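Scroll down for the structure; my scribbles are underneath it.
The values are calculated or read from the model by the stated rules, or taken from the named source; none is laboratory data. Note that this is a predicted model, so its numbers are computed, not measured. Backbone-built Cβ (ideal geometry, glycine too); neighbour counts: all protein chains shown. Note: areas computed on protein heavy atoms with side chains; ligands, DNA, RNA excluded. Shrake-Rupley method; radii C 1.70, N 1.55, O 1.52, S 1.80 Å.
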Amino acid sequence: MTAANVIRFTILGVLWLGLVIYILTHSIVNFFTLFACAASGIIIFVPMYKKYVKNNK
C-alpha cells in the first residue's frame with residue numbers, strides 16, 4: 001500500500017469519524033441512528049479496502 005493510499009484512508013477515516021461523532025452528540029441516539037452510522041462506515045471503507053489492500057496481495 002502506497003503512502004497516498006494511507007493518506008486517503010486517514011483523511012476519509014477522520015472525516016467519517018468526525019461526522020459520526022457530530023451526529024451522535026447532536027441527535028437522539030436510537031437503533032436507526034447507530035445502524036445508519038455503521039452502514040455508512042461499511043459503504044465507505046469496504047470498497048476502499050477491497051480496491052487498495054486486498055488487490056495488492
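Structure notes:
- Close pairs (9 angstrom Cβ cut-off, 6 or more residues apart or separate chains): under 15 Å from Val6 (Cα atoms) and among the hydroxyl-bearing types (Ser, Thr, Tyr) in the stretch 38-57, part of a loop (DSSP other than H, G, I, E, B) and open to solvent by 50 Å² or more (accessible area, probe 1.4 Å) anywhere: Tyr52/Met1; Tyr52/Thr2
- Candidate set from the stretch 6-19 (those that are surrounded by 11 or more Cβ atoms within 10 Å (Cβ to Cβ) and farther than 16 Å from Ser40 by Cβ); member that is nearest to the chain's Cα centre (by Cα): Arg8
- Condition met for Ala3 (surrounded by 10 or more Cβ atoms within 10 Å (Cβ to Cβ), of a type in the set (A, V, I, L, M) and free of Cβ contacts under 8 Å to residues at least 60 places away in the same chain): no
- Residue check for Tyr22: part of a helix (DSSP H, G or I), surrounded by fewer than 13 Cβ atoms within 10 Å (Cβ to Cβ) and aromatic (Phe, Trp, Tyr): yes
- Screening Gly41 against (1) part of a helix (DSSP H, G or I); (2) of a type outside the set (Phe, Trp, Tyr); (3) open to solvent by 50 Å² or more (accessible area, probe 1.4 Å) leaves a single unmet condition, (3).
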